[in-house]
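Report on the following structure.
The values are calculated or read from the model by the stated rules, or taken from the named source; none is laboratory data. Everything numeric here is computed off the predicted structure, so don't read it as measured data. Every residue, glycine among them, receives a Cβ derived from its backbone with ideal geometry; neighbour counts consider all protein chains shown. Side chains are part of the model used for accessible areas, which takes the heavy atoms of the whole protein and leaves out ligands, DNA and RNA. Shrake-Rupley method; radii C 1.70, N 1.55, O 1.52, S 1.80 Å.
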2 protein chains.
Amino acid sequence: MPDILHKVGIKSSSPDDVYNASTTIEGLSAWWTTSTQGRSKVGDVLKFRFGRDRGFDMKMLELQPAKHVIWQVVEEPEDWIGTKISFDPDQRGDWTIVLFKTEGWKEPVEFMHHCSTKWGVFLPCLKSLLETGKGASYPHDIKLDSWE
Amino acid sequence: MPDILHKVGIKSSSPDDVYNASTTIEGLSAWWTTSTQGRSKVGDVLKFRFGRDRGFDMKMLELQPAKHVIWQVVEEPEDWIGTKISFDPDQRGDWTIVLFKTEGWKEPVEFMHHCSTKWGVFLPCLKSLLETGKGASYPHDIKLDSWE
């Protein structure tokens, strides 16, 4: 099964900071999309929108402060449904290392290629948010192609 | 076997432009690393360096103008050796779509996570080069972590 894997290192940060940025409405709005709504509790759903009709609903599967976050896509787009998205922060010296994964894709479809590159755009925004206070979330993100 | 997959769309470009940017010293120097040396012919090796002692030697396996480019890593780092890197441009209306893949990783090691995110940084530089003339190749690229 093909996965999307990424890694960023964040200076002057902490696993707690990464956890907060990837589990609170305020944090997610600052580096992923300004249109983030819902409650970030295990079993609840967060709604991420990128324009009026486009986006994802994610169920919070695991929320271990400063350690481990897992979401699962429960609504559209179809290729994503059932896939799981995880963030694993780890402190190593001056750096907070974040390993990121989306797993459960059935096939390496073109939309998976797009998402892989797009996470490569957004994870540096998470890094930038925690290092500088500025995150470039949607609609201020780098656009990649005609799908955006 | 885990792969790294990416996709970017480039406006006002062509598969020929993508081919040239991913096979000539001038093109590669502008969006990947300013330290690119060698001859870009099938069977020959290109040397990409990121600082004095870090980089990759790539053998050119297939060069089909405007269609298909495949490199294979033949020297360091060890995790990369044998992996193949491909660029496939395709014209779709106003957009040149580039599907990118690195395949042949034995394990999803942490270095693979790093490379995946880093290609997510560099492929938008390829896009930017062809759309605006500016590419932000190494050493002007976004740095991700302590490995850089």
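Brief remarks on what is shown
- Only one of the numbered conditions (1) closer than 30 Å to B:PHE100 by Cβ; (2) of a type outside the set (Val, Ile, Thr); (3) outside any strand (DSSP E or B); (4) more than 13 Å from the chain's Cα centre (by Cα) is not met by A:LYS118, and that is (4).
- Look at (1) away from chain A (no Cβ under 14 Å); (2) exposed (fewer than 14 other Cβ atoms within 10 Å of the Cβ); (3) among the basic types (Lys, Arg) and you find that B:LYS84 fails only one, number (2).
- With respect to (1) closer than 19 Å to A:LEU5 by Cα; (2) modelled with pLDDT of 95 or more; (3) more than 11 Å from chain A (Cβ to nearest Cβ), the lone exception for B:PHE100 is condition (3).
- Being surrounded by fewer than 17 Cβ atoms within 10 Å (Cβ to Cβ), at negative phi and either among the basic types (Lys, Arg) or not in a helix (DSSP H, G or I) (or both) is a description that does not apply to B:LYS59.
- Here A:VAL74 meets each of (1) open to solvent by 40 Å² or more (accessible area, probe 1.4 Å); (2) in contact with a Pro (Cβ under 7 Å, 6 or more places away or on another chain) with one exception, condition (2).
- Residue satisfying all of: in the stretch B:1-44; within 12 Å of chain A (Cβ to nearest Cβ) and assigned to a strand (DSSP E or B); farthest from B:GLN72 (Cα to Cα) among these: B:LYS11
- Of all the residues in the stretch A:15-28, those that are of a type in the set (Gly, Ala, Ser) and either under 20 Å from B:HIS113 (Cβ atoms) or open to solvent by 30 Å² or more (accessible area, probe 1.4 Å) (or both) number 2.
- Condition check for B:ARG49: basic (Lys, Arg) and exposed (fewer than 15 other Cβ atoms within 10 Å of the Cβ): no
- Extreme residue, least open to solvent (accessible area, probe 1.4 Å), among residues of the stretch A:98-148 that are free of Cβ contacts under 8 Å to residues at least 24 places away in the same chain and in contact with a Pro (Cβ under 9 Å, 6 or more places away or on another chain): A:VAL121
- Here A:VAL69, A:VAL74 are screened, and the one residue that is modelled with pLDDT of 95 or more and assigned to a strand (DSSP E or B) is A:VAL69.
Matching residues to (1) among the hydrophobic types (A, V, I, L, M, F, W, C); (2) more than 11 Å from chain A (Cβ to nearest Cβ):
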residue: B:GLN91; (1), (2): no, yes
residue: B:TRP95; (1), (2): yes, no
residue: B:VAL109; (1), (2): yes, no
residue: B:MET112; (1), (2): yes, no
residue: B:LEU123; (1), (2): yes, no
residue: B:LYS127; (1), (2): no, no
residue: B:TYR138; (1), (2): no, yes
residue: B:ILE142; (1), (2): yes, no
residue: B:TRP147; (1), (2): yes, no
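- Yes/no for B:PHE100 being touching a helix residue (DSSP H, G or I) at 6+ places or on another chain (Cβ under 8 Å) and part of a strand (DSSP E or B): yes
- When the stretch A:62-71 is limited to residues that are surrounded by 14 or more Cβ atoms within 10 Å (Cβ to Cβ) and more than 14 Å from the chain's Cα centre (by Cα), the one that is farthest from A:PRO15 (Cα to Cα) turns out to be A:LYS67.
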